[in-house]
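**Q** This is the structure, below, for whatever I ask next.
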Amino acid sequence: MPFSVLKLLSAEAFRSGEEISDALGLSRASVHNLVERARRLGVEIHAVRGRGYRLAVPYSWLDQDALAAAARHGFEVALQGDVDSTNSRLLALAQQGQAHKSVLAAEWQSGGRGRRGRHWQASLGGGLTFSLLWRFNRPLTALSGLSLAIGVGLAQALRGLGLAGVGVKWPNDILVDGAKLAGILIETHGDMLGAATAVIGIGLNVRPQTVQADYAATSVEEVLGRPVDRNALLLALLHELDTVLKTFDGQGFAPFRDEWQALHVWQGRPVRVLAGPAPALEGTAVGVDEAGVLLLATADGVRAIHSGEVSVRAGGGR
């Protein structure tokens, strides 16, 4: 991956290929190839013959020293340049005894995943992708509503940074004005009655994405109208998640229910629930119960939805 070259570049001044070659002990051809690879991954780089290379805009690369502050809250953050999936990697480490509150953040995921096996990918340097290992004192059977509680924590942290209009969509998305800002993927292991371990994966769009998606998307910098430091952003999210997860471990989802409903973008609106090959179920989203189960008012009464994909019903609710 081209991180070694990218971290030598700035948006303020050109740096010659010769300087970069000497600094990294690479051939000029290797430097050129790494620059081209970075461009294919969405990084805009200006190249001028006789002057060298320059980033088109400033980039905030993850920095181990800057993230050392996470240790104040008991987190141990490890950085990777290139991984298949932070969740897959951390889940494997969890099964080998990796410590509680370990965090793995990556500049680039080649196999990032969302719910239901969907592929999730952000442009290089344009997203914040990390996974958090949390060892609960409660069993797997008592983790219902965890993704919703985490959604509340993310929304609180982002609003605290000045993002107006942040909302949640059942069961695991963060939206702003109907466009997706972040997603949550939780994977667990442990037996049904013993203490559970969860790997909580979060993908957040930080700057406008160059990667094509089949849904409307937005980013932190688009909403704020200014650049942000991804290290500071990660620290803010971890600080809020620490509080949320401690509360959830002791009390479950119930303490977050009212706030989640206040943040829910489809609250009181017509929705269509899609769940596999079954016919779509239509009704009005009236909230969630204390386990995070979606409650849908239908013509046949209130239905409890334990899983599914929620979408706005065509022609209604707007």
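**Q** When you check GLY125 against the structure, is it in the same structural domain as THR247 (by TED's automatic domain parsing), under 20 Å from GLU76 (Cβ atoms) and either at pLDDT 95 or above or not in a strand (DSSP E or B) (or both), yes or no? Reasoning before the result, please.
**A** Working: in the same structural domain as THR247 (by TED's automatic domain parsing): yes; under 20 Å from GLU76 (Cβ atoms): no; either at pLDDT 95 or above or not in a strand (DSSP E or B) (or both): yes.
In short, no.
**Q** Now for a different question. Against the definition (assigned to a helix (DSSP H, G or I) and either in the same structural domain as LEU148 (by TED's automatic domain parsing) or in contact with a Leu (Cβ under 9 Å, 6 or more places away or on another chain) (or both)), how does VAL228 come out, yes or no? Step through it out loud before you land on a result.
**A** Values: assigned to a helix (DSSP H, G or I): no; either in the same structural domain as LEU148 (by TED's automatic domain parsing) or in contact with a Leu (Cβ under 9 Å, 6 or more places away or on another chain) (or both): yes.
So VAL228 does not fit the description; no.
**Q** Okay, moving on. Go through the stretch 190-200 and count every residue that is assigned to a loop (DSSP other than H, G, I, E, B) and within 23 Å of LEU238 (Cβ to Cβ). Spell out how you get there, then give the answer.
**A** From the stretch 190-200, those assigned to a loop (DSSP other than H, G, I, E, B) are 190-194; that's our starting set.
From what is left, the residues that are within 23 Å of LEU238 (Cβ to Cβ) are 190.
Residues flagged as assigned to a loop (DSSP other than H, G, I, E, B) and within 23 Å of LEU238 (Cβ to Cβ) within the stretch 190-200 amount to 1.
**Q** For the stretch 201-217, state whether one or more residues are in the same structural domain as ARG138 (by TED's automatic domain parsing), free of Cβ contacts under 8 Å to residues at least 40 places away in the same chain, among the charged types (D, E, K, R) and in a helix (DSSP H, G or I). Walk me through how you get there before you give the answer.
**A** So in the stretch 201-217, the residues in the same structural domain as ARG138 (by TED's automatic domain parsing) come out as 201-217.
Still in the list and also free of Cβ contacts under 8 Å to residues at least 40 places away in the same chain: 212-217.
From what's left, among the charged types (D, E, K, R): 214.
Keeping just the survivors that are in a helix (DSSP H, G or I) gives none.
For the stretch 201-217, residues in the same structural domain as ARG138 (by TED's automatic domain parsing), free of Cβ contacts under 8 Å to residues at least 40 places away in the same chain, among the charged types (D, E, K, R) and in a helix (DSSP H, G or I): absent.
**Q** Another question, then. Note down all Cβ pairs under 6 Å where the first residue falls in the stretch 23-44 and is without any contact (Cβ under 8 Å) to a residue 12 or more places away in the chain and more than 20 Å from SER60 (Cα to Cα), the second is crowded, with 17+ Cβ neighbours inside 10 Å and among the small types (Gly, Ala, Ser), and they're at least six residues apart or on different chains.
**A** Sorted first by the residue in the stretch 23-44, then by its partner, the pairs are ARG28/GLY17; ARG28/SER21.
**Q** Going residue by residue through the stretch 9-19, is there one that turns out to be more than 30 Å from GLY276 (Cα to Cα), touching a helix residue (DSSP H, G or I) at 6+ places or on another chain (Cβ under 6 Å) and outside the structural domain of VAL228 (by TED's automatic domain parsing)?
**A** So in the stretch 9-19, the residues more than 30 Å from GLY276 (Cα to Cα) come out as 9-19.
Then drop every residue that is not touching a helix residue (DSSP H, G or I) at 6+ places or on another chain (Cβ under 6 Å), which leaves 17.
Then drop every residue that is not outside the structural domain of VAL228 (by TED's automatic domain parsing), which leaves 17.
The answer is yes; a qualifying residue exists.
**Q** Turning to a different aspect of this structure: Which of the following residues is surrounded by fewer than 23 Cβ atoms within 10 Å (Cβ to Cβ), in the same structural domain as SER85 (by TED's automatic domain parsing), at pLDDT below 95 and on the phi < 0 side of the Ramachandran plot: LEU193, LEU133? Can you show your working first?
**A** Working: LEU133 fails: at pLDDT below 95.
After ruling out the rest, the residue left standing is LEU193.
**Q** Please enumerate the residues belonging to the stretch 240-275 that are within 22 Å of ILE200 (Cα to Cα) and among the charged types (D, E, K, R). Break it down into steps so the answer makes sense when it comes.
**A** As a first pass, look at the stretch 240-275 and keep what is within 22 Å of ILE200 (Cα to Cα): 240-257, 259-261, 263-264.
Answer for the stretch 240-275, where residues must be within 22 Å of ILE200 (Cα to Cα) and among the charged types (D, E, K, R): GLU240, ASP242, LYS246, ASP249, ARG257, GLU259.
**Q** Which one of the conditions (1) closer than 22 Å to ALA217 by Cα; (2) at pLDDT below 95 does THR141 fail to meet, given that it meets all the rest?
**A** (1)
**Q** Looking at the stretch 176-195, I want the residues that are more than 19 Å from HIS100 (Cβ to Cβ) and have a partner that is modelled with pLDDT under 90 and of a type in the set (Phe, Trp, Tyr) with Cβ atoms under 6 Å, at least 6 apart or on another chain. Which pairs are those?
**A** So the pair list comes out as LYS180/TYR215.
**Q** Quickly run through the stretch 1-31 and pick out the residues that are farther than 28 Å from ASP84 by Cα and outside any helix (DSSP H, G or I).
**A** If the condition is that a residue be farther than 28 Å from ASP84 by Cα and outside any helix (DSSP H, G or I), then ALA11, GLU12, ALA13, PHE14, ARG15, SER16 are the ones that fit.
**Q** Does ARG230 meet the test of being at pLDDT 95 or above and basic (Lys, Arg)? Step through it out loud before you land on a result.
**A** Details: at pLDDT 95 or above: yes; basic (Lys, Arg): yes.
Yes.
**Q** So, one more: Just wondering, is there one or more residues in the stretch 225-246 that are crowded, with 16+ Cβ neighbours inside 10 Å, closer than 20 Å to ALA179 by Cα and free of Cβ contacts under 8 Å to residues at least 40 places away in the same chain?
**A** So far as the stretch 225-246 goes, no, none of its residues is crowded, with 16+ Cβ neighbours inside 10 Å, closer than 20 Å to ALA179 by Cα and free of Cβ contacts under 8 Å to residues at least 40 places away in the same chain.
**Q** Of the residues that make up the stretch 62-84, is at least one within 20 Å of ASP229 (Cα to Cα), at pLDDT 90 or above and touching a His at 6+ places or on another chain (Cβ under 8 Å)?
**A** Yes - at least one qualifying residue is present in the stretch 62-84.
**Q** A further question on this structure: Is it the case that the stretch 41-49 has a residue that's touching a Pro at 6+ places or on another chain (Cβ under 9 Å) and within 18 Å of SER123 (Cα to Cα)?
**A** Within the stretch 41-49, the subset touching a Pro at 6+ places or on another chain (Cβ under 9 Å) is 41, 43.
Filter once more, keeping what is within 18 Å of SER123 (Cα to Cα): 41, 43.
Checking the stretch 41-49: at least one residue is touching a Pro at 6+ places or on another chain (Cβ under 9 Å) and within 18 Å of SER123 (Cα to Cα).
The values are calculated or read from the model by the stated rules, or taken from the named source; none is laboratory data. Here the structure is a predicted model, which is why all the values come from computation and not from measurement. Virtual Cβ from ideal backbone geometry, glycine too; neighbours counted across all protein chains shown.
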